[in-house]
Amino acid sequence: MMKMLFDAHLPRRLARLVADQGIDVRHTLSLAEGNASSDELVLSVADLEQRIVVTKDSDFVDSYLLQHKPQRLLLISTGNIHNQALATLLLDYLPNIEQAFLDNTFVELSKQGLVVHG
């Protein structure tokens, strides 16, 4: 089963919608420091619980590329987008995202679709 940890830059409602699809989801709001959680804490929890970090934050991309932390990363690179449009896009691509993470560790979701980086 796919497990995800949504970063503070993404709305809790989006995490709930994904959880409604049967995915094991946490949001940074569930961590001890909530949305003020450091990137290090997010990385630690994600790797400890074998979760995919879901984020818009390029700092996680840098960390992934330089240190391979987190172990798995879903970058949301849609730019400015309404929350409902983002929810629709993510839910539409959820099966493809799950499939991509079977063999890959870094996937990106943009308005144009899914890009598998590795």
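The values are calculated or read from the model by the stated rules, or taken from the named source; none is laboratory data. All of these numbers come straight from a predicted model, not from anything done at the bench. Note that we place each Cβ from the backbone using ideal geometry, even for glycine, and neighbour counts take in every protein chain shown. All accessible areas refer to the heavy atoms of the entire protein, side chains included, with ligands and DNA or RNA removed. Shrake-Rupley method; radii C 1.70, N 1.55, O 1.52, S 1.80 Å.
Brief remarks follow.
- Residues that are hydroxyl-bearing (Ser, Thr, Tyr) and out of contact with any helix residue (DSSP H, G or I) (no Cβ under 9 Å at 6 or more places or on another chain), drawn from the stretch 39-76: SER44, SER58, TYR64
- Residue ID - nearest to ASN96 (Cα to Cα), chosen from residues in the stretch 18-47 that are in contact (Cβ under 8 Å) with a residue 12 or more places away in the chain and charged (D, E, K, R): ASP24
- Filtered residues of the stretch 79-102 (kept if open to solvent by less than 60 Å² (accessible area, probe 1.4 Å) and within 19 Å of ARG16 (Cβ to Cβ)): ILE81, ALA85, LEU86, ALA87, LEU89, LEU90, LEU91, LEU94, ILE97
- Tally, over the stretch 22-38, of residues that are touching a Ser or Thr at 6+ places or on another chain (Cβ under 7 Å) and acidic (Asp, Glu): 0
- Pairs with Cβ under 6 Å, 6+ apart, first in the stretch 48-73 and over 9 Å from LEU5 (Cβ atoms) and acidic (Asp, Glu), second open to solvent by 80 Å² or more (accessible area, probe 1.4 Å) and not in a strand (DSSP E or B): ASP57/HIS9
- Checked against the criterion of being under 20 Å from GLN84 (Cβ atoms), in contact with a Lys or Arg (Cβ under 6 Å, 6 or more places away or on another chain) and either at pLDDT below 95 or hydroxyl-bearing (Ser, Thr, Tyr) (or both), the candidates HIS27, HIS9 yield just one match: HIS9.
- Pairs where the first residue, in the stretch 95-118, is among the polar types (S, T, N, Q) and the second is open to solvent by 20 Å² or more (accessible area, probe 1.4 Å) and in a loop (DSSP other than H, G, I, E, B), C-beta under 7 Å, 6+ apart: ASN104/GLY118; THR105/GLN71; THR105/ARG72; THR105/GLY118; SER110/SER77
- Selection from the stretch 1-17 of residues that are under 23 Å from GLN99 (Cα atoms) and not aromatic (Phe, Trp, Tyr): MET1, MET2, LYS3, MET4, LEU5, ASP7, LEU10, LEU14, ALA15, ARG16, LEU17
- Of all residues in the stretch 49-60 being among the polar types (S, T, N, Q) and open to solvent by 40 Å² or more (accessible area, probe 1.4 Å), the one that is farthest from ILE76 (Cα to Cα): GLN50
- Of all residues making up the stretch 1-48, the number that are part of a helix (DSSP H, G or I) and either out of contact with any His (no Cβ under 7 Å at 6 or more places or on another chain) or open to solvent by 50 Å² or more (accessible area, probe 1.4 Å) (or both): 23
- Residues of the stretch 56-108 satisfying the condition of being part of a loop (DSSP other than H, G, I, E, B) and aromatic (Phe, Trp, Tyr): PHE101
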